[in-house]
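Student: One structure, as structure tokens, below. Some questions next.
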Amino acid sequence: MAAEEGQVIACHTTEAWDEQLRKGNETKKLIVVDFTASWCGPCRFIAPILAELARKTPEVTFLKVDVDELKKVAEDWSVEAMPTFMFLKEGKVVDKVVGAKKDELVLKVGQHAAAAAAASA
């Protein structure tokens, strides 16, 4: 298993963000991006849940972007609330969860991971 599988990858630079998107496009893997902020209470609540999802679904790439650190990325993706979870497939948004909605997040990760697995089978 690659070091990046099974964990949430924090993108601290636009270069790191671009690199992860490029990798996602090449591998056609589902990417779930957590747009978060250090001052956001609900973001801290949902972080361990996202980490657990990353461990359970290594076929999905999980990224974390701090909106204060990468303002341009957050603006480019029209993020208006934290946390916002974007589901990306080949560079396109295929779904989104706004807010620390554990059940909805778990459900959508499961749905999209299953769909991605079926498509690649």
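The values are calculated or read from the model by the stated rules, or taken from the named source; none is laboratory data. Here the structure is a predicted model, which means the values were calculated and not measured. We place every Cβ from the backbone using ideal geometry, glycine too, and count neighbours over all the protein chains shown. In case anyone asks, the SASA skips ligands and DNA or RNA and just uses the protein heavy atoms, side chains included. Shrake-Rupley method; radii C 1.70, N 1.55, O 1.52, S 1.80 Å.
Student: Could you size up the charge dipole of the range 1-74 around its Cα centre, putting +1 on the beta carbon of Lys and Arg and -1 on that of Asp and Glu, and report it in debye to the nearest 20? Write out the running numbers ahead of the final one.
Tutor: Working: 10 positive and 12 negative charges, 38 e Å.
Taking the Cα centre of the range 1-74 as origin, the dipole is about 180 debye.
Student: OK, next. Report the one residue of W39, T14, A51 whose Cα lies farthest in the direction of the positive end of the charge dipole of the range 12-72 (charges on C-beta: Lys and Arg +1, Asp and Glu -1; origin at the Cα centre).
Tutor: The residue sitting farthest along the positive end of the dipole is A51.
Student: From the gyration tensor of the Cα coordinates in the chain, what semi-axes in whole Å does the equivalent ellipsoid have, largest first, with each one equal to sqrt(5λ)? Each step should come with its number before you reach the end.
Tutor: Details: eigenvalues 83, 55, 35 Å².
Values for the chain, descending: 20, 17, 13 Å.
Student: Rounded to the nearest 500, what is the chain's calculated 222 nm mean residue ellipticity when only DSSP H runs of at least 4 contribute -39500 (n - 2.57) each, over all residues?
Tutor: Dividing the helical sum by the residues of the chain leaves -14500 deg cm²/dmol.
Student: Nearest 20 debye, what's the magnitude of the dipole of the range 70-121 about its Cα centre given +1 on Lys and Arg Cβ and -1 on Asp and Glu Cβ?
Tutor: Its charge dipole is roughly 60 debye.
Student: Ordering E59, E104, E15 from largest to smallest accessible area (1.4 angstrom probe), what's the sequence?
Tutor: Details: E59 90, E104 65, E15 125 Å².
Putting E59, E104, E15 in descending order of accessible area: E15, E59, E104.
Student: Follow-up. Could you sort E69, E26, E19 by their accessible area in this structure, using a 1.4 Å probe and putting the largest first?
Tutor: So, going from the largest accessible area down, we get E26, E69, E19.
Student: Moving to a separate point now. Would you list W17, W39, W77 from the most to the least accessible area, probe 1.4 Å?
Tutor: W39, W77, W17
Student: OK, next. Between E80 and D103, 0.36 nm times their residue separation minus their Cα-Cα distance comes to what?
Tutor: Contour length minus Cα-Cα distance gives 6.2 nm.
Student: Related question: Counting only the heavy atoms of the protein chains, how much of V93 is accessible to a 1.4 Å probe, in Å² to the nearest 10?
Tutor: In the full protein context, V93 sits at about 80 Å².
Student: Grab the other residues whose beta carbon is less than 14 angstrom from that of V94, score K and R as +1, D and E as -1, and report the net.
Tutor: Summing Lys and Arg as +1 and Asp and Glu as -1 gives +4.
Student: Which whole-Hz couplings ³J(HN,Hα) result when phi for each residue of the range 23-35 is put into the Karplus expression 6.51 cos²θ - 1.76 cosθ + 1.60, θ = phi - 60°, listed in order with x for Gly and Pro?
Tutor: My calculation for the range 23-35 gives 4, x, 5, 5, 8, 6, 6, 5, 10, 10, 10, 9, 8 Hz in order.
Student: Taking a probe of 1.4 angstrom, what is the accessible area of D103 in Å², to the nearest 10?
Tutor: 120
Student: Once label points are set 7 Å from the Cα along Cα→Cβ at both A118 and A16, what is their separation, rounded to one decimal in nm?
Tutor: 3.5
Student: Under a point spin-label approximation (7 Å from Cα along Cα-to-Cβ), what is the K92-Q111 distance to one decimal in nm?
Tutor: About 1.7 nm separates the two model spin labels.
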